[in-house]
Structures are given as structure tokens and as C-alpha cells.
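The values are calculated or read from the model by the stated rules, or taken from the named source; none is laboratory data. No experiment lies behind these values; they were computed from the predicted model shown. We work out accessible area using only protein heavy atoms, side chains counted, and drop any ligands, DNA or RNA first. Shrake-Rupley method; radii C 1.70, N 1.55, O 1.52, S 1.80 Å.
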Amino acid sequence: MTFRHICITASLALASCATTQKNVMYDTNPAVNLQRILDEEIGTGEDDSAGLSLTVISPELNIDFTGAAGYGSLERNTKLDASQPFRIASLTKVFVATAIVRLREEGLLSLEDPISMYISPAHIDILRKGGYNPDAITLRHCLTHSSGLYDYAEGGPEYIEVASQDPSKRWTRTEQIQFAMDHGKPHGPPGEAYHYSDTGFVLLGEIIEKLTNKNLAQGLRSLLKFDELGMSTTWLESLEPRPDGLLPSVKRYMGTIDATDWDNSVDLYGGGGLASTTRDLGIFLQALFNGKIYENEDSLGVMLLEKEYDPHGKPLPEARLGFGSIQGKQSGIVAYTHSGFWGTLFMHFPKYNCSIAINDTNDGNNEALQKVVNYVVWLGKQK
């Protein structure tokens, strides 16, 4: 999903965090209430959610829940298990952004460096021929979607149309960058405006590979401490082995079209690519916001633009480094969030040190996230 969809989703989730929300019968046992929410949101219609998996972690609110309801496919023939992994699509961008800030911690880059310092001469040439100046596009521009780079994946319908004609095609990063040049024009000078761009993140993925001297999977795993954190169900598909002993993955759909067996290179090199579970996603958010990934105390502030940002009197933008941000107009509660194309979303509320990760089997219509957020806010008021 684009950042626009993230803001809409998060705005809806936070909208009812005011004291005027309608009365709902809650149970102070999080496991009972959260499972009930999942069960209530499963439907049988074509546009309904066939299955939902959810993790909510908040030590402050004594929540540590992982559960599921419904099915892992539109066939509705196998019950969904919360430990089934799934492609997380654009949530991968948060991992990539975190890795870039980790490289900053190691003194290997500055966020103000131009991408031309790190990407290959071939990619520099492609960008120049496409009307871009790689010397003027910084890492920060790519991280905040202000690079002006056309989005090869969702800038228009062409990429999905081409990919659907040959689902088994093995895409390369170079082909995706070239696709952006062939099917779109620069949005404007770097830093001028927000335009969501997978193209910028596949370039960041290349930079991680160059500076770690590893492939992207190994680079992310080492920089982000997957193994140390116990994230045993997270991996970069096809660039590293699938972990042993996992249940079958949740199917992925475009509407009713089964895209599960599409070659994952269609979304692999930094804009997407990771597969995970809601449990591991919740663990990652808790680690990130509680000082278990970054080495320096100020790094999270850098990521959230609370450091190294000169707004010239303007409020902080909604687009941080990798994350989107949203603040409830009535509640004032801030959430950092990102969603993914296949029906995935995670968010973190610093106020409650609460991490939420949710996956919808078929990206159907449901109010599960809204209800989960409402419950978390209600529980917070009981403390």
C-alpha cells in the first residue's frame, strides 16, 4: 500500500480514540477481547476477510497476545494458524530504513550523502538517462519518499500488468529501476514534495549490499539482529533459505487472483521482500522502540526526525524514515506505522509502548484494526 493508504488506515484507527466513542462491552483479559475481535471480523462474502492473524504487545498494559481466526486462503479449507508466515510487502521498507540508520551508526554513511556515492555506475547511468541527477538525490530523500523518483511498482498500472503476464519471471533490481524510467517521469526536484517510491528503496537496498559486502538478506539479518532477537520466522525470500519447520505460508491475492506463486522478485530488493509472522513483526517493533536494535540513544530520534531535522518553523512531516506517522486529532495519540500491498500492517504507539501487527489473508473489508486500537486505548485508561 502507498503512504496515502497508511494515513487513511491509521486515521480511522485513531479517530475513535476520543472519550466520545460508543459504549462497547470490554473484557479486561486482553486474550479474551482480542480473540473476540478477530472472530467477529471473519466473513464469508467475496469482499470479507477470510482470515486474520494478530499480535499485540504492550508490557505497560500487560498485553502479550498472538492469535488468528478464519482461514489462510480464499478457498477457506484450512484454518489459519497464527504461526503461518506471509509476505509482508512494503513493511520491508521499515526494516531497510532501520538498516540504513544502523549503517549511519557505524560511520559508513551520512543521510545527506548523494546516492551516486554508493550505487553502481550502471544505475547512475540509467537514472541520468531517465532525467534524474543522482548527485542531487540523497539517502534522506529516498527514505522520506521525497526523491522525485517515479515508483516503478505503483506509479501506474503498467508494472502489475506486465508482471501478471509472466508471474514466473525473475526480476532484477536493474530491470525495476529501468521500468521506472520507461514508464514515468521525475515528479520534480529532490526534496520538493512527497511521492511514494519503491524505486528509492530498491536503491537503498543496493546501498546496504555495498556497505555490508553482503547480499540484502545477510545485510538486514546482521544489522537488525534478527537471530539475537529470536525472530525465527522472518527471512528474505529466495535470497536466504526458508527457516526449517514453518507451516505453509498464508496465500496472497490481488482481488480474487491468487498471486501466491508469483516469483517473489516482483517485490524483493528493498521496497518489499521479507516474509514474517505477526509475532516476529511485533517483536521487531518492540525491539526498535526499546533500544534493542540501535547502538546509539539518538538513532531512533534520527529515524523519527526528532534529531537532525530543521523544519524552519514547520511541523514534522508525516513521512519519517521508513515509517509513516499519524496523530489523532482528538486523542493526540501518535502512531508510527506502515502497511503492505498484500494486506499487512503494523504500528507502534509510544504512549502505551504498544506494538500491533495484523495480517489479512485476502486484504478484505474489516474493522479489526479499529477495534484493536479502541481496546488498547480503553485498557490504557484503566491503568
Mind scanning K79/K169; K93/K169; K93/K251; K93/K307; K251/K371 and naming the pairs with a C-alpha gap bigger than 29 Å? K79/K169
May I ask you to list the aspartates and glutamates whose Cα is less than 13 Å away from that of K225, ignoring any residue fewer than eight positions away on the same chain? D280, E295
Put one equal scatterer on each alpha carbon of segment 32-97, apply the Debye formula with no solvent term, and list log10 I(q)/I(0) at q = 0.12, 0.13 1/Å to two decimals. -0.39, -0.45
Cα gyration tensor of the chain - equivalent ellipsoid semi-axes, whole Å, descending: 32, 24, 19
Pull out a ≥ b ≥ c, the square roots of the eigenvalues of the alpha-carbon gyration tensor of segment 204-304, then state rounded if a/c is under 1.5, prolate if not and a/b is larger than b/c, and oblate in the remaining case. prolate
For segment 274-383, diffusion coefficient by Stokes-Einstein and Kirkwood Rh (Cα), 20 °C, 1.002 mPa s, µm²/s: 140
By a straight-distance test (C-alpha under 17 Å), which lysines pair with K351 as possible cross-link partners, with residues fewer than eight away in the same chain excluded? K329, K381, K383
Per residue, how large is the accessible surface of the chain? Use a 1.4 angstrom probe and give square angstrom. 41
Whole-percent carbon and sulfur share, accessible surface of segment 165-261, 1.4 Å: 50
Which whole-number percent gives the relative contact order of the chain, counting Cα pairs below 8 Å spaced six or more residues apart? 29
